[in-house]
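Take a look at the structure below.
The values are calculated or read from the model by the stated rules, or taken from the named source; none is laboratory data. The shown structure was predicted, so the numbers you read here are calculated from the model rather than taken from an experiment. Counting neighbours? That spans all protein chains shown, and the Cβs are built from the backbone with ideal geometry, glycine included. For accessibility, only protein heavy atoms count, side chains too; no ligands or nucleic acids. Shrake-Rupley method; radii C 1.70, N 1.55, O 1.52, S 1.80 Å.
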Amino acid sequence: MSIASRINVFGMSLAKMEMLMAELGEKPFRAKQLFQWIYQKEIYDFARMSSFNKPLRDKLQAGCEIILPEVVKEQRDPDDGTRKFLVKLHDGNLIEMVLIPVHGRLALCMSSQVGCTIGCKFCATGLLGFKRNLTTGEMLGQLVLARRLAGEIGVANIVLMGMGEPLLNLQNVIHMIEIASSELGISISARKFTISTVGLVKQLRELTKYKLKSGLALSLHAPIQQLRERLVPSAKDNPLDQLIPACRDYIAQAGDRVTLEYIMIAGITDTMECAKALADLTRKLPCKVNLIAYNPIIDDQGTPLAPIRKAKVSVDRHSREGGNPEGGKGGKLKPFTPHDFKPPTIEAIDRFREYLYPRCPAVTFRKAKGLKIAAACGQLVARVTGAPER
Ligand code: SAH
Ligand code: SF4
């Protein structure tokens, strides 16, 4: 193998390492050792892998390499201690990950794609468009980097709530969790991971087959199909009447409850009509509701965190069939743009919560963290915004 075609072994599963060792004319137990050196002992220099003889070390050196992503910038929110990291990938692409203090511990918010194909109207990552999926190694690399950056406190939980839609990078996400949770690897329980998804029925059903015990968060945002379609472009092909049973089946095997992520947007999703529909929906599956106030993706000067892509006009089924007060001329619904979105008032949040509380099994309100450095949910665009660098 020449230097030019060196294989990056960081992110390889045990099965792939066994194949590599077979190619190198070595026994399968060598793969287990390599796996442990890299993921358990974090040794990234083949010359230091002392259980290997010199010929094997030389073969690995000649044909393989161990490459992790690199942190190129850090910002810290002075108000709540949230740290956002700009991470450079091997090909120069940039992503972001965030370390969030939660009750004296740290949660890592990890990215799964460079950009995102889905394009939810309220999300800055969605405005960016999509470049590519992250590899298993690039996701695992975020975890390794975050553990180092976290120091003694350590990383207690990992949420796939950074840039991208994890279910559109399903195989790599599964491999990443399998390697991280392996006793020969990092040994973090799969339960410490939460996969957050916009809700893709086919992929969710596929994920369920793997019997992962990781948590599931569904980015619901609107409990009414028609409204959800206006906010989340993938909702049309993934209707709630199919999505909810798919979530129920995943969570049944994981032995947990689904977290329903619900962004409250003033006048759009914070209405009492939505509160009632949400309360009804929570009766259909074991769940908890996490309310999130919309985090602005347009700054005080009116500039979006990423350029706004031109949206297609969505035609609403009901208005096509004969009129809808919202529909306007010709039954066309005006597509939302980020300029239509405002955070809810305190009164609207209280009213919504009070309605939900006795009717839903569990309701929490997620306080936005990292707002000063554009590190809060939906604000990640992989460029340095806001202020203070360290
Ligand atoms: N694609 C996945 C995971 C990344 S998005 C998903 O959609 O679940 C992570 C979370 O940020 C999701 O719950 C998403 O809905 C939320 N989010 C996106 N834009 C937001 C905004 N402007 N304000 C608050 N939360 C937002
Ligand atoms: Fe993509 Fe999630 Fe943002 Fe929607 S909310 S655009 S799925 S990252």
For the stretch 4-29, pairs from a residue that is under 21 Å from GLU42 (Cβ atoms) to a residue that is among the acidic types (Asp, Glu), with Cβ under 6 Å and 6 or more apart or across chains, are ARG6/GLU65; ASN8/GLU65
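Among the helices (runs of 4 or more DSSP H) lying completely within the stretch 208-282, list those that include at least 1 residues that are within 21 Å of PHE341 (Cα to Cα).
Values: elements: 225-231, 240-254, 272-282.
In the stretch 208-282, 225-231, 272-282 are the helices (runs of 4 or more DSSP H) which contain 1 or more residues that are within 21 Å of PHE341 (Cα to Cα).
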If you take the residues in the stretch 175-186 that are assigned to a loop (DSSP other than H, G, I, E, B) and in contact (Cβ under 8 Å) with a residue 12 or more places away in the chain, which one is nearest to VAL381 (Cα to Cα)?
ILE186
Go through the stretch 31-55 residue by residue and tally those that are in contact with a Leu (Cβ under 7 Å, 6 or more places away or on another chain) and either exposed (fewer than 15 other Cβ atoms within 10 Å of the Cβ) or not aromatic (Phe, Trp, Tyr) (or both).
4
Result of the Cβ filter at 9 Å on the stretch 369-381, keeping first residues that are farther than 21 Å from THR197 by Cβ and partners that are open to solvent by 50 Å² or more (accessible area, probe 1.4 Å) and in a helix (DSSP H, G or I), at least 6 apart or interchain, is none
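When you look at GLY323, is it at pLDDT 60 or above and exposed (fewer than 13 other Cβ atoms within 10 Å of the Cβ), yes or no? Outline the logic, then answer.
Numbers: at pLDDT 60 or above: no; exposed (fewer than 13 other Cβ atoms within 10 Å of the Cβ): yes.
No.
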Checking ILE292, ILE268, ILE244 in turn, the sole residue that is out of contact with any helix residue (DSSP H, G or I) (no Cβ under 8 Å at 6 or more places or on another chain) and surrounded by 19 or more Cβ atoms within 10 Å (Cβ to Cβ) turns out to be ILE292
Residues being open to solvent by less than 20 Å² (accessible area, probe 1.4 Å), within 18 Å of ARG147 (Cβ to Cβ) and either assigned to a strand (DSSP E or B) or of a type in the set (Phe, Trp, Tyr) (or both): count how many of those fall in the stretch 71-85.
2
The number of residues in the stretch 18-34 that are assigned to a helix (DSSP H, G or I) and within 18 Å of SER50 (Cβ to Cβ) is 7
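Quick check, is VAL114 under 26 Å from ILE186 (Cα atoms) and touching a Cys at 6+ places or on another chain (Cβ under 6 Å)? It would help to see each step written out before you state the result.
Working: under 26 Å from ILE186 (Cα atoms): yes; touching a Cys at 6+ places or on another chain (Cβ under 6 Å): no.
The answer is no for VAL114.
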Quickly run through the stretch 187-207 and pick out the residues that are free of Cβ contacts under 8 Å to residues at least 60 places away in the same chain, within 16 Å of ligand 1 (Cβ to nearest atom) and of a type in the set (S, T, N, Q).
THR197, GLN203
From the list LEU127, LEU145, which one is within 24 Å of PRO304 (Cα to Cα) and in contact (Cβ under 8 Å) with a residue 12 or more places away in the chain?
LEU127
Only residues that are in contact with a strand residue (DSSP E or B) (Cβ under 9 Å, 6 or more places away or on another chain) and open to solvent by 20 Å² or more (accessible area, probe 1.4 Å): list them for the stretch 189-209, please.
ARG191, LYS192, THR194, GLN203
Out of ILE100, ILE95, sole residue that is at pLDDT 95 or above, assigned by TED's automatic domain parsing to the domain that holds MET264, in contact with a Ser or Thr (Cβ under 7 Å, 6 or more places away or on another chain) and away from ligand 2 (no atom under 16 Å from the Cβ)
ILE100
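Report yes if ARG257 is open to solvent by 20 Å² or more (accessible area, probe 1.4 Å) and within 20 Å of the chain's Cα centre (by Cα), otherwise no. Quick ask: steps written out before the conclusion?
Details: open to solvent by 20 Å² or more (accessible area, probe 1.4 Å): yes; within 20 Å of the chain's Cα centre (by Cα): yes.
Taking the combined requirement at face value, the residue satisfies it.
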Need at least 2 residues that are more than 16 Å from ligand 1 (Cβ to nearest atom) per element, so show me which strands (runs of 3 or more DSSP E) inside the stretch 86-174 make the cut, counting only ones lying wholly within it.
94-102, 105-109, 155-160
